[in-house]
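Read-outs throughout are calculated quantities, based only on the coordinates presented, and are distinct from any laboratory measurement. What you see is a predicted model; the values in this text were computed from it and never measured. FYI the Cβ positions are ideal-geometry reconstructions off the backbone, even for glycines, and counts take in every protein chain you see.
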Amino acid sequence: MAKICKSCGSYYKGSYCEKCGYGKEDTSSKVLEKYKKATPKKPVRFMTEEEKSAAKTKKAEKPMTRRVDPNARRNLLIAAAVVTVGVIIYVLISRGILFSNKKEDVIEQYFKALDSGDFDEFTDTLPGEIKEVYNKERSELGLSGEDYMKRFKEPLAEVYGSGFKISLEIGREEKLDRENDSEVFDLKAYNEHYGSAPTVSEVYIVYCSVTYSGSLGSDTVEYECYIAKTGWKWKIFNMEFNPGTVTAEDGAS
């Protein structure tokens, strides 16, 4: 009865395939090699002493390969970059280059925002407690930032008429001393009024002239702006003006 060779698929009648030699002693075949590769290794407990020795020698001769995580280098580079960026940001902040402003900047921002009616820019020049008062009042009145600023400036617009504008000229500055002006630094009155107070590291009085003008005339007012550094930012804590320094000019009616 003819048989089908498991190696090459040919028919054969004897004890081995005449075409490929499958079934013949001392002859390798494709299927036999496949079976050998697919067959699990013999467990150590079933090995003879010679097989155990041969397996041990083969394992010792086999070069050891170290498994490398393909993402390890990338993760290391990311970690190093994060640390580097953090150090750079810290240095920039500590030197006042990043997240900082100048005393003159905050005063200019205040009057520019007042002139243009920008509520967010206006309140951003103030410490948190005062800013919260403005935000609460605007919310209670149900006004947008723009409408609130219009109402805020109404008294000035009524005095100076149409085309109302504000211009600023910054003068000298005076640094206050913590020892001689301790009441300014501890903000005791401020704390009593608002319920809390920020920590300030520096305090200055900046003298400036502000001109309000419109169709009904113009006035120039001398202000003393109390500017303090809280954290990395300068904020306006108070403004005082001397009515005796006001100069007036008649405008066209």
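Please list, ordered by first then second residue, the pairs with beta carbon atoms under 7 Å, 6 or more apart or interchain, first in region 100-119 and without any contact (Cβ under 8 Å) to a residue 60 or more places away in the chain, second in a loop (DSSP other than H, G, I, E, B). That search, which allows pairs on different chains as well, returns Q109/T125. The set of residues from region 134-165 being touching a strand residue (DSSP E or B) at 6+ places or on another chain (Cβ under 8 Å) and either farther than 13 Å from D115 by Cβ or not in a loop (DSSP other than H, G, I, E, B) (or both) comprises L156, A157, V159, Y160, G161, S162, K165. The condition of being at negative phi, out of contact with any Cys (no Cβ under 7 Å at 6 or more places or on another chain) and either surrounded by 16 or more Cβ atoms within 10 Å (Cβ to Cβ) or in a helix (DSSP H, G or I) (or both) does not hold for V206. Please tell me if G145 is within 28 Å of the chain's Cα centre (by Cα) and without any contact (Cβ under 8 Å) to a residue 40 or more places away in the chain. Judged against the criteria, G145 is a match.
When F241 is tested against (1) in contact (Cβ under 8 Å) with a residue 40 or more places away in the chain; (2) under 40 Å from the mean Cα position of the chain (by Cα), just one condition goes unmet, and that condition is (1).
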